[in-house]
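The values are calculated or read from the model by the stated rules, or taken from the named source; none is laboratory data. Keep in mind that this is a model prediction, so the values were computed, not measured. Reconstructed Cβ throughout: ideal geometry from the backbone, glycine too, with neighbour counts over all protein chains shown.
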Amino acid sequence: LSEVQARLERGKTRKDRSALEDEVRKILSPRWCKRVITWNLTGDSAGEFRLAFAIDEIALKVLEDEQFGKRILFTDRNEWPVARVVSAYRSQSQVEADFRQMKDPSVVSFSPMFHWTDQKIRVHVFYCVLALAVARLMVREAKQAGLSISVPELLDSLAGIQETVLLYKGERGRPRARRMLSEIDPTQRKLYDLFGLDAYAPKR
């Protein structure tokens, strides 16, 4: 709605009133939106249309009392404390993210596997799961160090830490090479220090 509002204020629309109203109704089509968001479209022509909208706090409170905050969890882990049950339930999004990560064809990829025998397929599955487990452990280490980051973000940041080789003319015309790290951002610096990458960095 904010985008539609800004577009109308700039006069950047060719839609008539009916088309704009349909656009707003489509935006508010997700469940509950129409109950808590009020809106009004004013103006008579494309350059004059203006959209105003607001959240109806009373309707929102009624909706919260009726629908929100009610969820029952069933578990056979009777020995777990309540906090652990809730934490395990909320972590399902991380599991789903891991499955999506394993579909990434470039990193921690389950497919394409290019294997046909059962033995090789089992080995392939093993090292895919192992790689994901290592990435997850690294994410946990980063979180404990105060850096909240996902597996794709972690891998992208680490991939951005690169080594540069500078070639220049030395004494007596002999070429010399100096190895150095490329410029890194604050997140990469934290990961660099956290995982002790200095041990693998070029020394000269």
Pairs, please: C-beta under 8 Å, at least 6 apart or cross-chain, first residue small (Gly, Ala, Ser) and in the stretch 33-44, second surrounded by 16 or more Cβ atoms within 10 Å (Cβ to Cβ) and outside any helix (DSSP H, G or I)? Gly43/Phe49
Here are Arg77, Arg100, Arg17, Arg10: which of them is within 30 Å of Glu153 (Cα to Cα) and of a type in the set (D, E, K, R)? Arg100
Any helices (runs of 4 or more DSSP H) falling wholly within the stretch 35-135 and containing at least 2 residues that are surrounded by 13 or more Cβ atoms within 10 Å (Cβ to Cβ) and aliphatic (A, V, I, L, M): 57-66, 82-90
In the stretch 8-23, how many are more than 7 Å from Ala46 (Cα to Cα) and within 33 Å of the chain's Cα centre (by Cα)? 8
Please specify each residue of the stretch 158-182 satisfying the condition of being surrounded by 10 or more Cβ atoms within 10 Å (Cβ to Cβ), in a loop (DSSP other than H, G, I, E, B) and at pLDDT below 85. Gly170, Ser182
